[in-house]
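What follows is calculated from the coordinates using simple rules that are stated; it is not laboratory data. Being a predicted model, the structure only gives us computed values, none of them experimental. With ideal geometry, Cβ positions are generated from the backbone for all residues, glycine too; neighbour counts draw on all protein chains shown.
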Amino acid sequence: MKYISTRNLRNKKTFQEIVMEGMPFDGGLYVPEVWPKVDVVDLRELKYADLAFEIIYPYCSDSISHEDLRNILDNTYKEFHHPKTAPLIDIGQNKYILELFYGPTFAFKDYALQFLGRLFQFLLNKEGKKVAIIGATSGDTGSAAIDAFKLKSNIDIFILYPHEKVSEVQRRQMTTVVESNVHTIAVRGDFDDCQKIIKKIFFDKEFLSKVNISTVNSINWARIVAQVVYYYWSFLQIPKNINKVNFIVPTGNFGNVFAGYVAKKMGLPIEKLHLVTNENDILHRTISNGEMIIKDLQKTYSPSMDIQISSNFERQLFESLDRDSEKLSLIMNSFIEQGSYKLETNIVNKLKEIYDSYSVTDAEILKIIKLYNDKYKYLADPHTATGLSVLEKNDNRDHPFVSLA
Ligand SMILES: *Cc1c(COP(=O)(O)O)cnc(C)c1O
């Protein structure tokens with residue numbers, strides 16, 4: 001399997017190269033040249049780590065041996081504190097909640113970052129190299145990344161977070177770590193300001209030529225691929241015979257929901273991906289009418305979704321443009337320079353074939369938390385609640401709906 005950049009189809013790379021680089025020099029994002037197919041019927045009865053192997057191996061077989069990948073995955077998921085790793089909760093009427101909070105920091109990001117930490121260490125040992133990992137966070141990524149990379153020799157980790165805009169629990173998860181390879185930095189500004197600093201570093205070729213630096217933001221392909229696993233997993237947990245499934249995905253940087261798209265391309269029978277934003281609704285406006293317009297960032301009850309520039313959306317646009325990297329570069333440059341771009345109708349229609357989109361206010365979040373607590377005795381956090389508000393709308397559908405928690 002070779003990888004290309006969304007902005008340059010010619011420069012082909014291996015899995016090892018793209019994981020270590022994080023992002024290509026041309027400003028695009030790495031994507032696999034083709035989508036490997038993995039058929040669900042062959043996967044029943046597997047443990048989570050074994051399923052992860054079947055999904056991930058086709059993407060990295062040129063860089064990691066069969067045995068080494070199995071070892072990494074066994075070690076990754078044995079740390080999770082639920083026997084099912086990611087349990088699927090049946091609340092009746094074809095509605096399910098996929099619980100993704102059994103990793104060490106309770107963020108769903110542990111499912112990918114605990115893998116990435118071990119993968120990095122493995123690849124660095126193989127090359128005898130050292131690396132500095134940099135990343136921006138609105139809370140969850142930083143805590144999860146720090147836990148995944150602390151104690152890893154050959155790695156220094158630098159995490160930028162917006163000062164006074166993360167929860168107190170997460171501030172402590174990030175700033176009370178004693179390991180000397182962990183460096184947490186508070187930035188006056190919001191998440192996008194942190195992200196801009198990271199992006200600037202990756203545009204500075206002279207600086208990059210002197211240092212060995214990589215990123216853990218969800219632009220790193222290895223994270224996306226690890227997230228594909230639980231889409232397959234939840235399909236396999238549904239006890240009845242089903243031939244289609246829907247997913248509801250609370251969305252910020254478009255990483256998690258894009259992993260759903262990858263699952264669909266690999267052969268998982270997904271009917272629709274329902275992406276949900278909070279009041280920072282640029283993705284909802286983009287999918288519903290093509291309006292990619294950056295507005296001021298709102299601080300909401302779901303801070304991990306307080307994002308205006310969703311990095312991974314570039315990967316989806318690339319796909320919906322039939323991999324036309326020139327057209328994609330034009331759109332992205334215009335969007336970044338002017339803060340807006342109106343997508344053509346044919347592109348919007350293509351996006352709508354795959355995605356439905358929604359935006360949920362803070363007031364609705366509170367209502368839905370109360371409703372689930374009263375009606376199902378289910379206590380949801382505000383990010384989960386954005387998805388549950390869409391789940392609640394879908395009574396007695398023909399196909400199951402799974403909302404990611
Ligand atoms: C990161 C995060 C999101 C957003 O996920 P993306 O992959 O950035 O779209 C949503 N909810 C929670 C709890 C998160 O930590």
Quiz item: Could you state the principal axis extents of the C-alpha atoms in segment 1-160, from the largest down, to the nearest angstrom?
Solution: 48, 34, 31
Exercise. Could you grab the relative contact order for the chain? Cα pairs under 8 Å, six or more apart, rounded to a whole percent.
Key: 19 percent
Quiz item: Which value in nm describes the separation of the simple spin-label points at Asp74 and Lys375, placed 7 Å from the Cα toward the beta carbon?
Solution: 4.4 nm
Quiz item: Classify segment 333-405: rounded, prolate or oblate, from the alpha-carbon gyration tensor (a ≥ b ≥ c, eigenvalue square roots; a/c under 1.5 rounded; otherwise prolate if a/b is larger than b/c)?
Solution: oblate
Quiz item: Once both labels are modelled 7 Å past Cα along the beta-carbon direction, what's the Lys126-Arg44 spacing in nm?
Solution: 3.5 nm
Quiz item: Whole-Hz Karplus ³J(HN,Hα) for segment 85-91, in order, using 6.51 cos²θ - 1.76 cosθ + 1.60 and θ = phi - 60°, x for Gly and Pro?
Solution: 6, 9, x, 9, 9, 8, 9
Practice problem: Mind checking the full-extension length gain between Glu353 and His82? Use 0.36 nm per residue of separation minus the Cα-Cα distance, one decimal, nm. | Solution: 94.0 nm
Quiz prompt | Spin-label pair Lys150/Asn241, simplified geometry with 7 Å Cα→Cβ offset, distance in nm | solution = 5.0 nm
Quiz item: What aspartates and glutamates sit close enough to Lys126 to cross-link, taking a C-alpha to C-alpha distance under 20 Å and skipping anything fewer than 8 places away on the same chain?
Solution: Glu17, Glu21, Asp62, Glu67, Asp68, Asp74, Asp156
Quiz item: With springs only between Cα atoms under 10 Å, which of Ala136, Ala226, Ala380 fluctuates most in a Gaussian network model of the chain?
Solution: Ala380
Quiz prompt | Most mobile listed residue (Asp68, Asp356, Asp50) in the chain, GNM with C-alpha springs under 10 Å | solution = Asp68
Quiz item: With the contact rule set at Cα under 8 Å and sequence spacing of 6 or more, what percent relative contact order holds for segment 41-109?
Solution: 23 percent
Practice problem: Within the set of other residues whose C-beta is less than 9 Å from the C-beta of Gly267, count the net charge using Lys and Arg as +1 and Asp and Glu as -1. | Solution: +2
Quiz item: Quick one: Lys375, Lys165, fewest Cβ neighbours within 10 Å first, how do they rank?
Solution: Lys375, Lys165
Self-check item: Sparse-neighbourhood loop sites, trypsin sites (Lys or Arg not before Pro) in segment 1-64 - DSSP loop, at most 10 other Cβ within 10 angstrom
Solution: Lys37, Arg44
Practice problem: Output the pairs from Lys244/Lys272; Lys264/Lys352; Lys109/Lys377 with a Cα-Cα distance over 18 Å in this structure; if there are none, say none. | Solution: Lys109/Lys377
Quiz item: In terms of the Cα gyration tensor, with a ≥ b ≥ c the square roots of its eigenvalues, is segment 255-358 rounded because a/c is under 1.5, prolate because a/b exceeds b/c, or oblate?
Solution: oblate
Self-check item: Placed amide H near Ala136: partners under 5 Å, 5+ positions off or other chain
Solution: Leu160, Asn217
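Looking at segment 91-136, which trypsin sites (Lys or Arg not before Pro) are DSSP coil and have at most 13 other C-beta atoms within 10 Å of their C-beta? Before the final figure, lay out the partial values.
Working: sites: Lys95, Lys109, Arg118, Lys126, Lys129, Lys130; in loops: Lys109, Lys129, Lys130.
When the trypsin sites (Lys or Arg not before Pro) of segment 91-136 are filtered for loop state and at most 13 Cβ neighbours within 10 Å, Lys129, Lys130 remain.
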Self-check item: Stretch in the chain that is longest and holds no GluC sites (Glu not before Pro) that DSSP places in a loop and that have at most 16 other beta carbons within 10 Å
Solution: 180-343
Exercise. Would you please classify the overall shape of the chain from the alpha carbon gyration tensor, given that a ≥ b ≥ c denote the square roots of the eigenvalues, rounded means a/c under 1.5, and beyond that prolate means a/b larger than b/c while oblate covers the rest?
Key: rounded
Self-check item: Extended-chain gain in nm, criterion 0.36 nm per residue less alpha-carbon gap, Lys205 and Glu337
Solution: 45.5 nm
Practice problem: List Leu283, Leu351 from most exposed to least, where exposure is judged by having the fewest other Cβ atoms within 10 Å. | Solution: Leu351, Leu283
Quiz prompt | segment 146-282: equivalent-ellipsoid semi-axes (sqrt of 5 x gyration tensor eigenvalues, Cα, Å) | solution = 33, 18, 17
Quiz item: Percent relative contact order of segment 1-155, based on C-alpha pairs within less than 8 angstrom and at least six residues apart?
Solution: 16 percent
Practice problem: Could you sort out which of Lys196/Lys265; Lys299/Lys327; Lys129/Lys150 sit more than 28 Å apart by Cα distance in this structure? | Solution: Lys196/Lys265; Lys299/Lys327
